[in-house]
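Only one structure is covered here, and it is reproduced in the block below.
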Amino acid sequence: MAQAAQTTEQLEKVFETFNRVSEELDTSYRVLQVRVGTLTQELAEARSQRLQELAEKERLANRLALLMSELPGGVLVVDGGGVITQANAAAETFFQQAGGEPRPVRALDSRQSLLGKAWPLLIAQASRDGSASENATELLLGNGRRLSVSRQPLSDANEELILLTDTTRLHDLQETVSRDKRLSALGEMAARLAHQIRTPLSSALLYVSHLARPSATAAERERVSAKVVDSLRHMEGLVNSMLTFVRGGPVVFETIELHGFTEELLALIEPLVNQAGGELNVEIALGSGENIISGDRDELIGAVLNLVNNAIDVADKSLCLDIKISTVGGALKITVADNGPGVDADIRERIFDPFFTTRVKGTGLGLAVVAMTVRSHGGKISLHTRGDDATVFCLDLPLLSPGISPAAVALDNHESTQIALFDNSVALKTPVLSGRGFEQARQRVGGDL
C-alpha cells in the first residue's frame, strides 16, 4: 500500500514537470514565432529597400548613359594598351568621314564603331596630314573638323579618359575676327597715310598756284619752286618710310665688338644732345671680357639714335638724357631715359604701332621701325617709367655665343621676325630695312614718334 502511494506521488511529480516543460515550450514557441515574424518583416523591408536601390542605380545608370549619349563633346575611355573601350555618340560623329551619311545619335550609340580601335592609329588615320601625335592637344581631321583634346588618367583603373571638343566653329569665328581686324588695320593705315600726305600736298598745290601768276618774279618763282620741292620730298619721305616698314630689306649681319660699337654710338649721340642744349649722362658696364653681338651696325645705331632724337623732340624743358650700356645675363642692354613729358598709360600699348603718333609732324613710324629692328636681331624692346618719372626705353639684344656664326643668327632671325601691325592679331613677317650707311639709316628712322 505504501509502495503504491509512493508510485502515485512520483507520477504526479512527473506529470507536473511535464506540464511545466510543455508550458515553457509553448511559451518559447510563441516567442520564436514572433521573432520569425519580425525577421521575416525585416527581411522583406531590406529586400524592398535593396530593390529600390537597384532600381535607383539602374535609373541613374540609364540617365548617365543618356547624358553621355547626348553630350556635345566626345568622350573616349582608353585602356592601358591604348585601345578604345568606351565611346559616346559625339566621338563617333567627330570621326565620321566627310560626305558620310548622317546617322541619329541612337544609331551611333548602338554601332560603336570606335570600340576596339587603337587611339594612336585612329588619330593618325583621321588627321588631315596623317602625322598627328597621340599626345596632341589639337587635331585637324581630314573631314575638316578641328578638335581640342584633353586627357585625364582614371585613378581607380589602368585607363585614361579623353575628352574631345569641337572647336571648328570657334576657329572659323576667330578667322573672321582676324580678317576683319586686318582689314580694319589696313584701313587705318591708309587713312593715317592719307592724313600725313594731305598737308604737304595742299602746300605744294598752293605753291604751284603762285607759280602760275604772271606777275611772279624769277626770284619768287625760284623760292616757291624750292618750297614745292620740299613738300614733294616730304611726301616722298612719308611713302618711302611706309614702304620701308612694310617691305623691309635684307639685313647685313656682322660681328660687332661692343666696346668699339659703344664708342661710335656715343660719338654720334653727344653732338646731338649738345646741339639741343641738353645734359648727357652715360654709364658703361661692359666688363673686361670680349663681348660681341651679331647684327647690322648701321641699323642698330640708327635705332638708338631714333630714341635720342625722339627724346630731343618731345623735351618740354631743358633736356636731361641718361644712356646706360651694359651686359646682363648674356644680353646687351641699352637704356635711354629722358626727362620729357612721359607716355600716358592709355597709349603705351600702341606706342610701337606703325603710324601711331602724338606729334603734329610725326609720321608714327620711328618707334615702329625701332621695334622691328630690335626684334629682327632677336632682341626685345620695352617701355617703362622710372621712379623720378623719367621715360625709359630698354633694348635687350642677345650676345653672340662662341661657335655660332653671324650667318646662322641672320638666318634664324630672318625666319622668325614678326612685327605686329596695330595689334597682335595682325603681323607682317618681314626682315628689317637694309642699311646703307649711318646717314641713310638715320634719315629713314629719324626722330619721330
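Every number in this text was worked out from the coordinates using simple rules, so none of it is lab data. As the structure is a prediction and not an experimental result, all values here were calculated from the model. Note: ideal-geometry Cβ built from the backbone for every residue, glycine included; neighbour counts use all protein chains shown.
List of remarks:
- Each Cα pair under 8 Å and six or more residues apart adds its separation to the average, and for region 1-94 the resulting relative contact order is 15 percent.
- Built amide H within the under 5 Å cut-off of GLY340, gap 5+: THR391
- Close amide-amide hydrogen proximity is noted between ARG128 and LEU140, LEU141, GLY142, each under 5 Å apart and 5 or more residues distant or on a separate chain (H modeled in the peptide plane; Pro and chain starts excluded).
- Estimated FRET transfer efficiency (GLN125, ARG182; beta-carbon r; R0 41 Å; 0.05): 0.70
- Scalar couplings 3J(HN,Hα) for region 272-280, obtained by applying the Karplus form with A = 6.51, B = -1.76, C = 1.60 to θ = phi - 60°, are 5, 5, 5, 5, 7, x, x, 10, 10 Hz; x denotes Gly and Pro.
- In Hz, Karplus ³J(HN,Hα) per residue of region 51-60 (6.51, -1.76, 1.60; θ = phi - 60°; x = Gly, Pro): 5, 5, 4, 5, 5, 5, 5, 5, 5, 5
- In sequence order, region 304-314 has phi-based couplings of 5, 5, 5, 5, 5, 4, 5, 4, 5, 5, 8 Hz under the Karplus curve 6.51 cos²θ - 1.76 cosθ + 1.60, θ = phi - 60°, and Gly or Pro positions carry x.
- The local environment of SER148, defined by Cβ-Cβ distances under 9 Å, has a net charge of -1 under the rule Lys, Arg +1 and Asp, Glu -1.
- Chain lengthening between LEU286 and VAL31 when straightened (0.36 nm per residue, less Cα-Cα): 81.4 nm
- Remark: spin-label model distance LYS333-ASP316 equals 3.0 nm, labels positioned 7 Å along the Cα→Cβ axis.
- For region 2-34 versus region 295-316, the gap between their alpha-carbon centres in whole angstrom: 126
- For LEU399, residues with placed amide H under 5 Å, excluding near neighbours: ALA331, LEU332
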